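The values are calculated or read from the model by the stated rules, or taken from the named source; none is laboratory data. Just so we're clear, the structure is a prediction, and the values are computed from it rather than from any experiment. Note that each Cβ is placed from the backbone with ideal geometry, even for glycine, and that neighbours are counted across all protein chains shown. Protein only, heavy atoms only, side chains kept; ligands, DNA and RNA dropped before computing areas. Shrake-Rupley method; radii C 1.70, N 1.55, O 1.52, S 1.80 Å.
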Amino acid sequence: MLAAIQATSPSLENWKSNFLSFISNRLDQIEKNDSMESITDISKNLFINRSEIMGQAALALIEKKYGHLLEQQYCQCPHCHRQIKAKSKKVKREIDTLVGSVSLYRPYFYCMLCGFGFYPLDDALGLSNRKVQPDIQELEAWLAAEMPYETVSDALERCAGIKLSNHHAHDVVKEIADDIHVLDVCPDKTEIQHKIDVLSKDTFRRPVLMIGIDGAHAPTRLEPSPRKGKRGKGEWKEVKGFRMYLINNDKIIHLISWHQIKSDKELENDLLEIKQAGLIPEDKVRICVIGDGAPWIWNRTKELYPDAKKVLDYYHCSEYLHDLANAQYGKSSRKSREWVEATLTRLFLNKADRIIAGIKQMKPKSEVAKDQIDKTVGYLSERKEMINYGSLKRGGYHIGSGGIESSNKFISNVRLKRSGAWWYPTNANNILKLRCAKYNKTFDRIMENRKKKIEQSITYEPRPKVHLIVNNS
Ligand SMILES: [Zn+2]
């Protein structure tokens, strides 16, 4: 913070009395309103005045805490350390906060030698470059994670009396979320360790860390071409994601969800970042990867988790068996159902090898059945270790991928798949980042880090002469 030369103005000594006389006058005005009868009327009238009243309260507190900066006469240039005098006229700045609007009249300093102008009060208060301050921005982002931008602006007006355009929330989400990476939405090492400790109590086995990986589809359109500025065509793209959660017997503790429209290689890099950051103490858990048959899931995790148990989602496997049985024994026939039931039971007895051998020996009823037999033999042979459901269950692993599927539904589908919505992938990803942060309970920490970043960005490194840019927007 800048060195301030204190100067206490007599008007600031009564910081509270300014506010008290304001509120007293305002109450008199409100009270004169004859049409005010019910509690709803009283509440409405106060609500209309709320922004001004609370704005005055905020101003009083700013005067109390930063009176010396409001009346500052001299200040050191942060670059050349010369003492400079404030410009003769204070400069007005209006800011909007969650509780109300505040008009600040604060001194402006300009160092001719460095070509650098600054407002010590703005820096001390950590003001955003925008008129709308970080507390409102945080709420906009929080709401935008749940609802369309248009509804965000309605909600803000109804609940807080703040009028902002749809675009404002959109821009704020972009500013906040563009910088968010996978580690930002993850709980830290200590929190994860604590959760593992909770689950390890009263049991001799290490808890299982399930890593569910899956894709879901989202309606997207291509980003507009910068040259033509046309809207891109709509297409469905895969949101790839993973969810890590701990289980021990019937207890489940969520750790991390992360969903993004990106390539499988990029998703692998995100998993690698978590690994390299040492967030998961891998010697304290038994890792298990679960997914459907999509080859990318298994290709991308085999090097990251070479010793992990692998599970082919049970429902997915049984669908494969149903397809085969329908082709061989007739669709939905009794024979078909009986065969699937018997085969699944045998899978629980760890008889994958014998099942595959049995399917090989089937006499195909038709060409279609023959194709299905070959396909199933190939499919199961490649995944033999992933379908021994009996021993997996006894080991305490989940055999269904419901954990990641529900994460897909709650994080991605609920917000992205609204009728008529077609997302630019970067915008969709920004919303997904915020939703993951909320789901992982790291949203507040992200906002706290952002605040720190803004504060740290106020540094006064030696700089070349530049033209002054007034930062009000
Ligand atoms: Zn200077």
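Considering Cα pairs under 8 angstrom that are at least six residues apart, work out the relative contact order of the stretch 24-127 and quote it in whole percent.
Contact order relative to length: 22 percent.
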>> With an 8 Å Cα cut-off and a minimum separation of 6 or more residues, compute the relative contact order for the stretch 195-301 in percent.
In response: 31
> Once phi is turned into θ = phi - 60°, what whole-Hz ³J(HN,Hα) does the Karplus curve with 6.51, -1.76 and 1.60 give for every residue of the stretch 243-256, x standing for Gly and Pro?
Replying inline: 10, 10, 8, 9, 9, 8, 6, 8, 9, 10, 10, 6, 10, 9
>> Give the separation of the Cα centroids, the stretch 272-327 to the stretch 328-355, in Å.
In response: 23
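Please list 399-410, 419-430, 18-29 highest first by mean number of surrounding beta-carbon atoms within 10 Å per residue. Walk me through the intermediate numbers first.
Values: 399-410: 19.1, 419-430: 16.2, 18-29: 13.1.
By packing density, highest mean first, the sequence is 399-410, 419-430, 18-29.
Place the peptides 139-145, 34-40, 302-308 in order of packing, highest mean first, counting for every residue the other Cβ atoms within 10 Å and averaging per peptide.
Listed from highest to lowest mean packing, they are 139-145, 302-308, 34-40.
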> For the Cα atoms of the chain, what angle does the longest principal axis make with the long axis of helix 39-70, in degrees from 0 to 90, nearest 10?
Replying inline: 70
>> Taking amide H atoms as placed 1.01 Å from N in the peptide plane, list the residues 5 or more away in sequence, or in a different chain, whose amide H sits under 5 Å from that of Leu255.
In response: Met244, Tyr245, Leu246
>> Give the aspartates and glutamates whose C-alpha is closer than 12 Å to that of Lys453, dropping any in the same chain fewer than 8 places away, or say none.
In response: Asp179
> Amide H of Lys262: which non-local residues (sequence gap of 5 or more, or other chain) have their own amide H closer than 5 Å, using H built in the peptide plane?
Replying inline: Lys240
> Which of Ser103, Gly234, His322 sits closest to the plus end of the dipole of the chain, meaning its Cα is farthest towards the positive end, when Lys and Arg get +1 and Asp and Glu get -1 on the C-beta?
Replying inline: His322
> How much net charge surrounds Gly293 when only other residues with a Cβ under 10 Å from its Cβ are counted (Lys, Arg +1; Asp, Glu -1)?
Replying inline: -3
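Can you work out the FRET efficiency for the pair Ser318 and Asp154, with r the C-beta to C-beta distance and R0 = 51 Å, to the nearest 0.05? Don't skip to the end; give the middle numbers.
Numbers: r = 46 Å, r/R0 = 0.90.
E(calc), rounded to 0.05, equals 0.65.
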> Charges only on Cβ, +1 for Lys and Arg, -1 for Asp and Glu: so what's the dipole of the stretch 198-336 about the Cα centre, in debye to the nearest 20?
Replying inline: 460
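Please work out whether the stretch 4-161 counts as rounded, prolate or oblate from its C-alpha gyration tensor, where a ≥ b ≥ c are the square roots of the eigenvalues and a/c under 1.5 means rounded, while otherwise a/b larger than b/c means prolate and anything else oblate? Write down the numbers at each step before the final one.
Numbers: a/c = 3.56, a/b = 1.53, b/c = 2.32.
Taking the square roots of the gyration eigenvalues as a ≥ b ≥ c, the stretch 4-161 is oblate.
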>> Using 5 Å bins from zero, what percent of all Cα-Cα pairs in the stretch 235-277 falls into each bin?
In response: 6, 18, 24, 20, 14, 11, 5, 1, 0
> What residue among Leu113, Ile213, Cys77 has its Cα farthest toward the positive end of the dipole of the stretch 77-235, where the charges are +1 on Lys, Arg and -1 on Asp, Glu, each on the Cβ?
Replying inline: Leu113
> So what's the angle, to the nearest 10 degrees on a 0 to 90 scale, between helix 134-144 and the longest Cα principal axis of the chain?
Replying inline: 30
>> Once you keep just the Cα pairs under 8 angstrom separated by 6 or more residues, what percentage relative contact order results for the stretch 265-327?
In response: 34
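Below 11 angstrom from the Cβ of Asp123, what's the summed charge of the other residues (Lys, Arg +1; Asp, Glu -1)?
Working: positive: Arg106; negative: Asp122, Glu455.
Charge balance near Asp123 sits at -1.
What does the accessible area per residue of the stretch 190-347 come to in Å², with a 1.4 Å probe and no ligands, DNA or RNA counted? Intermediate results must be reported in sequence, preceding the final value.
Details: 8070 Å² over 158 residues.
Here the residues of the stretch 190-347 average 51 Å² of exposed surface.
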> Counting only protein heavy atoms, what percent of the accessible surface of the chain is carbon or sulfur at a 1.4 Å probe?
Replying inline: 52
>> Given points 7 Å out from each Cα along the Cα-Cβ axis, report the Phe348 to Lys85 separation in nanometres with one decimal.
In response: 9.0
> Tilt of helix 367-382 relative to the longest C-alpha principal axis of the chain, in degrees (0 to 90, nearest 10)?
Replying inline: 60
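Semi-axes of the equivalent ellipsoid for the chain, please: Cα gyration tensor eigenvalues, times 5, square-rooted, ordered largest first, whole Å. Could the numbers behind the result be given before it?
Working: eigenvalues 720, 130, 99 Å².
Calculated on Cα positions only, the semi-axes equal 60, 26, 22 Å.
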